[in-house]
1. Give the angle, between 0 and 90 degrees and rounded to the nearest 10, that separates the Cα long axis of helix 110-123 from the longest principal axis of the Cα atoms of the chain.
2. Just the number, please: Stokes-Einstein D of the chain in µm²/s, Kirkwood Rh from C-alpha pairs, 37 °C, 0.692 mPa s.
3. What's the exposure ranking of Thr81, Thr56, going from fewest to most Cβ atoms within 10 Å?
4. Quick one: of the DSSP bridges fully inside the chain, what percent are antiparallel, nearest 5?
5. Hey, what's the Kirkwood Rh for the range 93-166 if you take every pair of different alpha carbons, in angstrom?
6. Once both axes come from the Cα atoms, what is the angle between helix 146-166 and the longest principal axis of the chain, in degrees from 0 to 90, rounded to 10?
7. At a temperature of 37 °C and a viscosity of 0.692 mPa s, determine how fast the range 8-85 diffuses translationally according to Stokes-Einstein, using the Kirkwood radius over alpha-carbon pairs as Rh; express D in µm²/s, rounded to the nearest whole number.
8. Rounded to the nearest 500, what is the chain's calculated 222 nm mean residue ellipticity when only DSSP H runs of at least 4 contribute -39500 (n - 2.57) each, over all residues?
Amino acid sequence: MAPVACDDIGITLNVNGGEHTIVVGRGATLLQVLRHDLHLNGPKYGCGLGQCGACTVHVDGVAARACVIPAAKVQGRAITTLEGLGDRAQPHPVQSAFIAAQAAQCGYCLNGMIMTTAALLAREPQPSVRAVRDALSGNLCRCGTHVEILAAVERATLLMADIARDEGSAP
Ligand code: FES
Ligand code: FES
């Protein structure tokens, strides 16, 4: 067991529906805890400054940048990472759409693109092109796959509308 430093604190986080009590450095960010302590590597470390979107997670369903959120501040909140959105056996429709659209080159930005899109479609199932562009405008893609990413979002929108229709929750 690792020694406990005097500036360590114990925190309990609700991540992907499970409670995790861990000892972390007082200044640990949510991203550090997710990747290093909980081994959830969906959220990526990009800029570390809240400016690229690679680290995006959901906090109570809202897209948020884990690299600038102190882990201790989100105790009691529902945190969802890419792993909690869906998995290989049961992917979230947004994940399925991004795979089908082959919207990746290096893939580093995709966690943020997918998490931001999922949060957008949860609150606005039929967003305009402008709304999609606005929502994703803070997510940087250095590979320039924006066209494929926008196609993936359009595909995800249609897929989720089909699912909602099948489930009887849409007209
Ligand atoms: S790593 Fe968090 S916004 Fe860039
Ligand atoms: S696919 Fe490489 S950063 Fe977007």
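Every number in this text was worked out from the coordinates using simple rules, so none of it is lab data. Model, not experiment: these values are computed from the prediction. Because the Cβ atoms are built from the backbone with ideal geometry, glycine has one as well, and the counts that use them run over all protein chains shown.
1. Roughly 70 degrees, rounded to the nearest 10.
2. D = 197 µm²/s.
3. Thr81, Thr56
4. DSSP beta bridges in the chain are roughly 90 percent antiparallel.
5. 12.0
6. Approximately 80 degrees, to the nearest ten.
7. Once the numbers are plugged in, D ends up at 273 µm²/s.
8. -9500 deg cm²/dmol
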